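A short reminder: the numbers here are calculations on the coordinates, not readings from a lab. Note that the structure is predicted; figures quoted are calculated from it, not measured. FYI the Cβ positions are ideal-geometry reconstructions off the backbone, even for glycines, and counts take in every protein chain you see.
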Amino acid sequence: MLSTQGYAAMTARTALQSFSFERREVGSHDVLITITHCGICHSDIHQARDEWGGSIFPMVPGHEIASTVAQVGSAVKKFKTADRVGVGCFVDSCRRCAPCREGLEQYCEAGMLLTYSGRDKDGQATQGGYSTQIVVDEEYVLRIPSALSPAGAAPLLCAGITTYSPLRHWGVGKYHKLAVVGLGGLGHMAVKIGTALGTEVTVLSSSEWKRKDADRLGAFAFALTSQSETFTRLQRRFDFILDTVSAPHDYNAYVSLLKTDGTLILVGAPDKPMPLEPFPLILHRRRIAGSVIGGIRETQEMLDFCAEHHIESDIEVIPIRQVNEAYERVLKGDVRFRFVIDLASLK
Ligand code: NAP
Ligand code: ZN
Ligand code: ZN
């Protein structure tokens, strides 16, 4: 077994702390990855605090992993030592069901094996990227193009693909008007990727101080969700709305901003259900849909797209000892726009 250092939540109610654990030995199809950077996704906070239920403790969070290959198993074909690689939200799936065969492993019928807080085939809990190293089957490892910095690329492994995948799936492009609700880790990637796809992007935010950032990120317009005037002025304006908000909020208000046949896509994952008004949907044939991350093939496509369009995440790099403070700042919306942990600080 490979002795590994990390930071873990020992329970849902305790701060993260230093934690030693074991990784499996490098199997013939495995890649051993030295982790240099790991993003802090809001999902890490939801799960470390067991807000969705089913969390496994102790939990080393982290699924926005950027790194280099330290060692490869005897049968590994895709990677060699020193390659720059990434690992996202899952590290295995059944590989046999229809979604897996189509490259939609995130919709695996047996359930994808989460990078952390999952149960591996041997019964061991998986542990994520707030750690020095990880062992992953080569089929679930991504290649990070050399044009991207490891720190700026790390958040692409979740925030990047979670916004890229629905925009591509619904064919959002230059003839569409897109609204992005919530300008956080996911939201700022949606603005960058949506703009690169040629779409007119409007940011709907609860934070006035983000107005300038929206402009700098390439947004066409910015509107405050705290003002009722926003919801009257923008009635029936958008073809698509991508909702990235992490806390419970009223979806009905956003439905009314869609054109006929418009789609509200939920990617933000609050822990409480919300009531729906049927008539605003019925009368304009509008849709509410959801989307979770993306498959391995599409994640590689997104990384290559970001390299081609010079897109990285806007980040604040922190040493791991600041992780608990960073969690509190994410909850207050006080980050531009993603914290990334420098894992050299753990050694
Ligand atoms: P984040 O950086 O914290 O951004 C969330 C944004 O939502 C905030 O910046 C804020 O934007 C807005 N917001 C937060 N609390 C709010 C409140 N009480 N009222 C109104 N607006 C609020 O989080 P993230 O990492 O982008 O993740 C966002 C959500 O997506 C989380 O629930 C996460 O678990 C989920 N997620 C889903 C997937 C998926 O595959 N579907 C993948 C990753 C993450 P403004 O200040 O602009 O209003
Ligand atoms: Zn995430
Ligand atoms: Zn499957």
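Going out from 0 in 10 Å bins, what whole percent of all Cα-Cα distances in region 56-136 drops into each bin?
Bin by bin from 0 Å, the calculated values are 18, 41, 37, 3.
Given 25 °C and 0.890 mPa s, compute D for region 1-51 with the Stokes-Einstein relation, Rh being the Kirkwood radius over Cα pairs; round to the nearest whole µm²/s. Write out the running numbers ahead of the final one.
Values: Rh = 13.0 Å.
Reported coefficient: 189 µm²/s.
Once Rh is set to the Kirkwood radius over Cα pairs, what Stokes-Einstein translational diffusion coefficient, in µm²/s, holds for region 253-301 at a temperature of 10 °C and a viscosity of 1.306 mPa s? Each step should come with its number before you reach the end.
Details: Rh = 12.6 Å.
Once the numbers are plugged in, D ends up at 126 µm²/s.
Can you give me the angle between helix 159-169 and the longest principal axis of the chain, using Cα atoms only, in degrees from 0 to 90, rounded to the nearest 10?
Tilt relative to the chain: about 60 degrees.
Sort Phe238, Phe279 by Cβ crowding within 10 Å, fewest neighbours at the top.
On the way: Phe238 24, Phe279 9.
With the sparsest Cβ surroundings first, the list reads Phe279, Phe238.
Which peptide among 208-220, 27-39 comes first, and what is the full order, when sorted by highest mean count of other Cβ atoms within 10 Å?
Numbers: 208-220: 16.8, 27-39: 21.8.
Descending mean neighbour count gives 27-39, 208-220.
Determine ³J(HN,Hα), in whole Hz, for all residues of region 25-32 in sequence, where each value follows from phi through the Karplus function 6.51 cos²θ - 1.76 cosθ + 1.60 and θ = phi - 60°; x replaces Gly and Pro.
5, 6, x, 4, 9, 8, 10, 8
Sorted by mean Cβ packing within 10 Å, highest first, what order do the peptides 93-102, 323-332, 301-310 take? Write down the numbers at each step before the final one.
Numbers: 93-102: 14.4, 323-332: 16.1, 301-310: 18.0.
Peptide ranking by packing, descending: 301-310, 323-332, 93-102.
Using DSSP to define loop residues, name the chymotrypsin sites (Phe, Trp or Tyr not before Pro) in region 120-191 whose beta-carbon has at most 13 other beta-carbon atoms within 10 Å. Working shown, then result.
Working: sites: Tyr130, Tyr140, Tyr164, Trp170, Tyr175; in loops: Tyr130, Trp170, Tyr175.
Loop-located and lightly packed - Tyr175.
For the chain, what's the relative contact order in percent, using C-alpha pairs closer than 8 Å and at least 6 residues apart? Don't skip to the end; give the middle numbers.
Working: 813 pairs, mean separation 62.2, N = 347.
18 percent.
Relative to the present Cα-Cα distance, how much length would full extension add between Ala125 and His169 at 0.36 nm per residue of separation? Don't jump to the answer; show the numbers that get you there.
Working: separation 44, 0.36 × 44 = 15.84 nm, distance 3.20 nm.
Residue separation times 0.36 nm, minus the Cα-Cα distance, leaves 12.6 nm.
Restricting attention to region 19-94, which GluC sites (Glu not before Pro) occupy a DSSP loop and are surrounded by at most 10 other Cβ atoms within 10 Å? Write down the numbers at each step before the final one.
Details: sites: Glu22, Glu25, Glu51, Glu64; in loops: Glu25, Glu51, Glu64.
Loop-located and lightly packed - none at all.
What angle do you read, to the nearest 10 degrees and between 0 and 90, between the alpha-carbon axis of helix 185-196 and the longest principal axis of the chain?
It is inclined by approximately 70 degrees.
Per DSSP H run of n ≥ 4, the term is -39500 (n - 2.57); total these for the chain, divide by its residue number, and report the mean residue ellipticity at 222 nm rounded to 500 deg cm²/dmol. If you can, show how the numbers build up before the last one.
On the way: 11 runs with 83 residues, N = 347.
About -6000 deg cm²/dmol.
Where the centroid of each part is defined by its Cα atoms, how far is region 219-251 from region 178-211 in Å?
Each part's Cα centre sits 11 Å from the other's.
Which percent, nearest 5, of DSSP beta bridges in the chain are antiparallel? Write out the running numbers ahead of the final one.
Working: 33 of 60 bridges.
Close to 55 percent.
Assuming a strict under-18 Å limit between Cα atoms, what lysine pair count do you get for the chain once near-sequence pairs (fewer than 8 apart, same chain) are dropped? Please report the intermediate quantities before stating the final value.
Numbers: Lys174/Lys192; Lys174/Lys259; Lys177/Lys192; Lys177/Lys259; Lys192/Lys210; Lys192/Lys212; Lys210/Lys332.
Here the count comes out as 7.
Mind listing the phi-derived Karplus ³J(HN,Hα) values for region 215-228, rounded to whole Hz, using 6.51, -1.76 and 1.60 with θ = phi - 60°, and x for any glycine or proline?
The phi angles translate into 5, 4, 6, x, 5, 6, 8, 9, 9, 8, 7, 7, 9, 5 Hz.
Where both residues lie in region 188-273, what percent of DSSP beta bridges are antiparallel, nearest 5?
So the antiparallel bridges amount to about 0 percent of the total.
Against the empirical 2.2 N^0.38 Å scaling, what ratio does the C-alpha Rg of region 2-112 come to?
On the way: Rg = 15.6 Å, N = 111, 2.2 N^0.38 = 13.2 Å.
For region 2-112, the normalised Cα radius of gyration is 1.18.
Report the Stokes-Einstein translational diffusion coefficient (µm² s⁻¹, integer) for region 155-271, Rh taken as the Kirkwood radius over Cα pairs, at 10 °C with viscosity 1.306 mPa s. Don't skip to the answer; put the middle values down first.
Values: Rh = 13.8 Å.
D = 115 µm²/s.
Using only C-alpha atoms and all pairs of different ones, pull out the Kirkwood radius for region 223-347 in Å with one decimal. Don't skip to the end; give the middle numbers.
Values: mean 1/r = 0.0571 Å⁻¹.
Computed over Cα pairs of region 223-347, the Kirkwood hydrodynamic radius comes out at 17.5 Å.
Taking only Cα atoms of the chain, what ratio of Rg to Rh do you get with Rh as the Kirkwood inverse-distance radius?
Values: Rg = 19.8 Å, Rh = 20.4 Å.
A ratio of 0.97.
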